[in-house]
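The values are calculated or read from the model by the stated rules, or taken from the named source; none is laboratory data. The shown structure was predicted, so the numbers you read here are calculated from the model rather than taken from an experiment. Cβ atoms come from the backbone with ideal geometry, glycine included; neighbour counts cover every protein chain shown. Note: accessible area is taken over every heavy atom of the protein model, side chains too, but ligands, DNA and RNA are not part of it. Shrake-Rupley method; radii C 1.70, N 1.55, O 1.52, S 1.80 Å.
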Amino acid sequence: MENLIEIRWHGRGGQGAKTAALLFGDAALASGKFIQAFPEYGPERMGAPVASFNRLSSKPILIHSGVTNPDIVIVLDPTLMESVDVTEGMPEDGVLIINTNKTPEETKKELGIKGKIKVFTVDASTISKETIGKDIPNTSMLGALIRATGILSFKEMIEDTKGKLEKKFKSKSEVIEGNLKAIERAYNEVKG
C-alpha cells in the first residue's frame, strides 16, 4: 500500500509497549493520518516479552493482519535482543530505535547489522527514572521515535499525548508532567 508505514514495538509486560503504540496511534489520528494500533496477545505477564504494532498512512488502511515487515522497530528493553531477533522482517532501509546507553555504532556492531538499517539509541530507562520515578520507558521512546523519523510533528504529538494523559491522570499532575518531560528529553537526547 502506498504511503503505508508499519511499526513494531518490542518490550516486556509492564513497560508500556501497548500504551506507547496506542498513544502514538491517537496522535497520528489527531494529525489527520489513518492508523491502526494493536498489541499481540498471548499469555503475557509482567516481564514477559510482548509486541505491539502500528500502521500509519495518508490513505485508508485496508490490511487487517499482523505486521511482518516493519519499517520501524522500537525496542523498550535491550535485554530482549538476546532472545528476540528484533530486526526480523525489516527492510534494508529500516529504522531501529533502542533504549540503551550504548551508541548506535556499538549497538549496530553487537547486533551484526551490516546493511543500511538506521540505528538510533536513547537511554530511555534513565530518562524515565529521572522524570517519572520509574523505569517505564514507553513515553520516552515516543519522543525518540518522532525525532528519529520525523513521522509526526513533535508539537502535534506532544499536545495530543498531553490531552490523553490529562484525562487518564486527572489528579496526578506529577505523572503528566513527568511523562511530558520524558518525551521531550528523549526527543532531544536520541543519538543516531
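Before moving on, here are some points about what is shown:
- Residue selected from the stretch 167-179 under the condition part of a helix (DSSP H, G or I), open to solvent by less than 80 Å² (accessible area, probe 1.4 Å) and free of Cβ contacts under 8 Å to residues at least 40 places away in the same chain, by the criterion farthest from Ile97 (Cα to Cα): Ser173
- Condition broken by Ile151, with the remaining ones in (1) β-branched (Val, Ile, Thr); (2) surrounded by fewer than 22 Cβ atoms within 10 Å (Cβ to Cβ); (3) modelled with pLDDT of 95 or more satisfied: (3)
- Some residue of the stretch 154-166 being open to solvent by less than 30 Å² (accessible area, probe 1.4 Å) and charged (D, E, K, R): yes
- Any hit, the stretch 113-120, residues being part of a loop (DSSP other than H, G, I, E, B) and of a type in the set (A, V, I, L, M): yes
- Taking (1) at pLDDT 95 or above; (2) over 13 Å from the mean Cα position of the chain (by Cα) in turn, Leu96 satisfies each apart from (2).
- The stretch 63-91 - residue that is more than 17 Å from Glu6 (Cβ to Cβ) and not in a loop (DSSP other than H, G, I, E, B) and, of those, least open to solvent (accessible area, probe 1.4 Å): Leu80
- Lone qualifier among Glu130, Glu184, Glu110 - being under 14 Å from Val75 (Cβ atoms) and either in a helix (DSSP H, G or I) or free of Cβ contacts under 8 Å to residues at least 12 places away in the same chain (or both): Glu110
- Filter result for Lys167 (modelled with pLDDT under 95, touching a Lys or Arg at 6+ places or on another chain (Cβ under 9 Å) and of a type in the set (Lys, Arg)): no
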